[in-house]
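**Q** For reference, the structure I am asking about is given below.
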Amino acid sequence: MKHDKYNKEVTGAEALILALIDCGAHDVFGYPGGAIMPIYDALYGYSDQLKHYLVRHEQGAIHAAQGYSRVSERPGVVFATSGPGATNLITGIADAQIDSNPIICITGQVASHLLGTDSFQETDVIGISMPVTKWNIQVTTADEIAPAIAKAFFIATSGRPGPVLVDITKDAQFGKTIYKFEKCTSIRSYVPYPEIDKKSIEAAAELINGAKRPYILCGHGVLLAEAQKQIIEFAEKGNIPVASTLLGLSAFPAQHPLYVGFLGMHGNYGPNILTNECDVLIAIGMRFDDRVTGKVETYAKQAKVVHIEIDRAEINKIIHADVPVLGDAKEALSLLTPLIKSGANEKERKAWLKRFEDCHQVELEKVINKAVNPTSPSVKMSEVIDKLHKLSEGKAVIVTDVGQHQMIATRYYHFYDTNNNVTSGGLGTMGFGLPAAIGAKVSRPDKQVVLVVGDGGYQMTMQELGTIMDYGIAVKILMLNNNYLGMVRQWQQLFFEKRYSFTELKNPDFVAIAKAYGIKGQKVTERKDLNSALKEMLDSKDAYFLEVVVETEENVFPMVPTGASVSEIILE
Amino acid sequence: MKQTYTISVFSEDIVGLLNRVTIIFTRRHINIENIITSETEVKGIYRYTIVVTAEKDRVEKVVKLIEKQVEVMKAFYHSDDEIISREIALYKISSEAINQNEEFQKIINAYNAKIISISYDYVVVEKSGSEDKIKRLFNDLEKFDILEFSRSGRVVVTKPMRTLSSYLKELEQNSKITTKKNNKHGKN
């Protein structure tokens, strides 16, 4: 009975489990060890309410939690022990911080009397994680645990989400406390949802209504604010083209006539070059990453910029905002759309949309058609993704690792459904993909989850095949194997005189490895077998591993070289 | 153009928060020239006073990042003409060097400094005032063999009139705006 647990004396460890359940947690990814053993012991009695997934490395736990949070409303929860367990989380925490993923990390810590004594498996995880967490806290008594967890959930999930870490000493886990739970709904020093200044909305509307060539950049903030419906209404009312950032993909439906494509270094042609032709740039929930802006000094200089953003530190950080709108994207758009005049500058805006269409034709001719219907003997990454898109009807959750395959996947998979894109954007963490796909599938078992991965990144966290086997997680793994660290190789080719320094990989028999973990799979080397292999993979009820051997020296184009302007994008 | 700015950070009294604040400077290669912490007129709220020399634009960005920390209430930056500041400095000087030296006493008087401790080997001079005066006194005393010198860092009040408690009141109201705007993950 639910009410039985309150006002009862429990251990700190049990209080933690109860608090997690009270915060709405259903699943935990973790790995036990000495300093977190009391928590694992308490978990044993609650495994019907809090399902724990034993990963094979703590990095796998945090990336799984990230994938888990991306595709659903639930934040990710991670358990790790002190010392190496905690430090193994750091890469994922940094990734979650830069990509705004709500993750609650619980780490065990040595007993409080041993803190600072270099005792076994002691590390200053609070100090180490400080630059990469939204918030962290060390708890040394059982009484502090439930309030710390309530606060951790609130901070991780509110405003601009981010990872938090609660470090719990072993004596606090063993200690006794009377369990009480009070949800945290505000912290006096923290303003997660700034009140939107109505004047900024009016100023934005005035600029947009006067614009002949307005242009919307849709970022991850649209997904986080759940403003998918609002951004469509806004764009449609003003007849304004919409491009997406890498993390914003799947926020705006790719099949919508106003969707013009993907921004950034390997983004689409029109969305990049026309940034330097628009007259009003409307950036929503995005942070002008350098992979999006290229050379900042020449970025959208002709345009007035409206920046709708919940994080005050992002406004004017990279690009000056003529009209900053500080606040939640959904709320801002709900206020803004009623002030937008439909039919404003109709003729000019039509012509402006035509510009995108013209650019798309150029890209089709110069890049896309060749990429998806190649005549080369070897299979190209782009044709694989194109087929995957068609066979899954644009509705799969696509998880990617980092590198060429990631850019190809995000270029050639068109997201028709929302919250379907899981990738490591800001940090670019190789090894992210496989565990993130596991988390995504656990979070959304109803969805087809396809991991697109390279042969390099896959081997960084390949041990998580064990987690897939253990829990029967039906992740579809599509490896694009070029036997290279392809993105680095591409740069070596273009900018380092083809000196392929340590980018060629001698690879194992990946299908055999999958098989060793009880995962069905096959390797495809010829185009003629591709479609049926993809179909078999998608139709499989269980996890499936498909390796496609692709052209070794394929490059990703278009490309905005580092330091170049977005208008200097190279097509081939 | 680089200029001296005084950053005032008002925060909860939390272990480790100072570290969260200082790493923001470290990451951007901004040197903290001096830093002091003390409790403010509002019980439980602490103030860090941080002095840096940097471009205004960078200082502005750093201040936003400081304010973004969950347990920081408010952060401000001010140029030198917007603040009233004092430092205190102690100069430990060899007794032998100043023995029967009239000039020493003159200097002390001219700077409105005080001798606060006298012992067989040394005297200790205290001076409070602007950084510039403290530095000039140091230069003038150098010939007397300064055995030890220590400065407090900048103690500051700002010229703008709004009180901390009025900011805190506003903040408390704003911090409660949560329920109607739940985002993707905030609904549970």
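**Q** Give just the number: which of (1) touching a strand residue (DSSP E or B) at 6+ places or on another chain (Cβ under 7 Å); (2) at pLDDT below 95 does A:Ser376 not satisfy?
**A** Result: A:Ser376 passes all but (1).
**Q** Just a yes or no: is a residue in the range B:104-112 of a type in the set (S, T, N, Q) and within 14 Å of chain A (Cβ to nearest Cβ)?
**A** no
**Q** Name the one entry in A:Pro192, A:Pro214 that is within 14 Å of chain B (Cβ to nearest Cβ) and either buried (at least 20 other Cβ atoms within 10 Å of the Cβ) or under 17 Å from the mean Cα position of the chain (by Cα) (or both).
**A** Testing whether each residue is within 14 Å of chain B (Cβ to nearest Cβ) and either buried (at least 20 other Cβ atoms within 10 Å of the Cβ) or under 17 Å from the mean Cα position of the chain (by Cα) (or both) leaves just A:Pro192.
**Q** Let me ask another. Of everything in the range A:136-165 that's among the charged types (D, E, K, R) and away from every other protein chain (no Cβ under 12 Å), which residue is farthest from A:Ile98 (Cα to Cα)?
**A** Within the range A:136-165, the match that is farthest from A:Ile98 (Cα to Cα) is A:Asp143.
**Q** Going residue by residue through the range A:369-379, is there one that turns out to be crowded, with 19+ Cβ neighbours inside 10 Å and closer than 23 Å to A:Asn482 by Cα?
**A** Yes, that holds for at least one residue.
**Q** Next question, about the same structure. Within the range A:253-294, how many residues are farther than 22 Å from A:Ala371 by Cβ and polar (S, T, N, Q)?
**A** The total comes to 3.
**Q** Can you pull out the residues in the range B:36-57 that are β-branched (Val, Ile, Thr) and either in contact with an Asp or Glu (Cβ under 8 Å, 6 or more places away or on another chain) or within 14 Å of chain A (Cβ to nearest Cβ) (or both)?
**A** B:Thr40, B:Val42, B:Ile45, B:Val51, B:Val52, B:Thr53
**Q** Can A:Ala204 be described as of a type in the set (Gly, Ala, Ser) and in a loop (DSSP other than H, G, I, E, B)?
**A** No.
**Q** Can you tell me which residue in the range A:166-189 is surrounded by the most Cβ atoms within 10 Å (Cβ to Cβ), limited to those that are away from every other protein chain (no Cβ under 14 Å) and within 31 Å of the chain's Cα centre (by Cα)?
**A** A:Ile168
**Q** Which residue pairs have Cβ atoms closer than 8 Å, lie 6 or more positions apart in sequence or on different chains, and pair a first residue in the range A:384-398 that is assigned by TED's automatic domain parsing to the domain that holds A:Pro253 with a second residue that is not in a helix (DSSP H, G or I)?
**A** none
**Q** Separate question: So A:Thr245 fits all but one of (1) within 28 Å of B:Lys68 (Cβ to Cβ); (2) touching a residue at least 12 places away in the same chain (Cβ under 8 Å); (3) more than 20 Å from the chain's Cα centre (by Cα); (4) not assigned by TED's automatic domain parsing to the domain that holds A:Thr81; what number is the exception?
**A** All conditions are met except number (3).
**Q** Taking helices (runs of 4 or more DSSP H) that fall entirely within the range A:445-527, which contain at least 2 residues that are more than 26 Å from the chain's Cα centre (by Cα) and within 23 Å of A:Ala64 (Cα to Cα)?
**A** A:510-516
**Q** Looking at the range A:91-111 only, could you name the residues that are among the aliphatic types (A, V, I, L, M) and touching a strand residue (DSSP E or B) at 6+ places or on another chain (Cβ under 6 Å)?
**A** Matches in the range A:91-111: A:Ile93, A:Ala96, A:Ile103, A:Ile104, A:Ile106, A:Ala111.
**Q** Of the residues in the range B:163-188, how many are part of a loop (DSSP other than H, G, I, E, B), modelled with pLDDT of 80 or more and not charged (D, E, K, R)?
**A** Adding up the residues that qualify gives 4.
**Q** Just a yes or no: is a residue in the range A:86-105 farther than 22 Å from A:Arg287 by Cα, within 14 Å of chain B (Cβ to nearest Cβ) and buried (at least 24 other Cβ atoms within 10 Å of the Cβ)?
**A** Yes, some residue in the range A:86-105 is farther than 22 Å from A:Arg287 by Cα, within 14 Å of chain B (Cβ to nearest Cβ) and buried (at least 24 other Cβ atoms within 10 Å of the Cβ).
**Q** Mind listing whichever residues of the range B:136-183 are in contact with a Leu (Cβ under 8 Å, 6 or more places away or on another chain) and within 14 Å of another protein chain (Cβ to nearest Cβ)?
**A** Within the range B:136-183, B:Asn183 is the sole residue that qualifies.
**Q** So in the range B:8-35, with the set limited to residues that are within 8 Å of chain A (Cβ to nearest Cβ) and assigned to a strand (DSSP E or B), which one is farthest from the chain's Cα centre (by Cα)?
**A** Among those that are within 8 Å of chain A (Cβ to nearest Cβ) and assigned to a strand (DSSP E or B), it is B:Glu12.
**Q** Looking at the range A:115-135, which of the residues that are buried (at least 20 other Cβ atoms within 10 Å of the Cβ) and over 22 Å from A:Gly12 (Cβ atoms) is farthest from the other protein chains (Cβ to nearest Cβ)?
**A** Of everything passing the filter in the range A:115-135, A:Val132 is farthest from the other protein chains (Cβ to nearest Cβ).
**Q** So in the range B:40-79, with the set limited to residues that are among the acidic types (Asp, Glu) and at pLDDT 95 or above, which one is farthest from A:Ile315 (Cα to Cα)?
**A** B:Glu71
**Q** Please list, ordered by residue number, the helices (runs of 4 or more DSSP H) wholly in the range A:344-416 having 1 or more residues that are under 26 Å from A:Ala64 (Cα atoms).
**A** It comes to A:381-391, A:404-412.
**Q** Which of (1) in contact with a Lys or Arg (Cβ under 7 Å, 6 or more places away or on another chain); (2) closer than 23 Å to A:Gln448 by Cα does A:Pro374 not meet, given it meets every other one?
**A** Tallying (1) in contact with a Lys or Arg (Cβ under 7 Å, 6 or more places away or on another chain); (2) closer than 23 Å to A:Gln448 by Cα, A:Pro374 fails exactly one: (2).
**Q** I've got another one for you. Check off (1) polar (S, T, N, Q); (2) under 27 Å from A:Lys447 (Cα atoms); (3) surrounded by fewer than 20 Cβ atoms within 10 Å (Cβ to Cβ); (4) within 14 Å of chain B (Cβ to nearest Cβ) for A:Ser112 and give me the number that stays unchecked.
**A** A:Ser112 satisfies every listed condition except (2).
**Q** Restricting the range A:44-79 to residues that are out of contact with any helix residue (DSSP H, G or I) (no Cβ under 7 Å at 6 or more places or on another chain) and surrounded by 22 or more Cβ atoms within 10 Å (Cβ to Cβ), which is nearest to the other protein chains (Cβ to nearest Cβ)?
**A** A:Ser69
The values are calculated or read from the model by the stated rules, or taken from the named source; none is laboratory data. The model shown is predicted, which means the values in this text are computed figures rather than measured ones. Cβ sites come from the backbone with ideal geometry, for glycine too, and all protein chains shown count toward neighbours.
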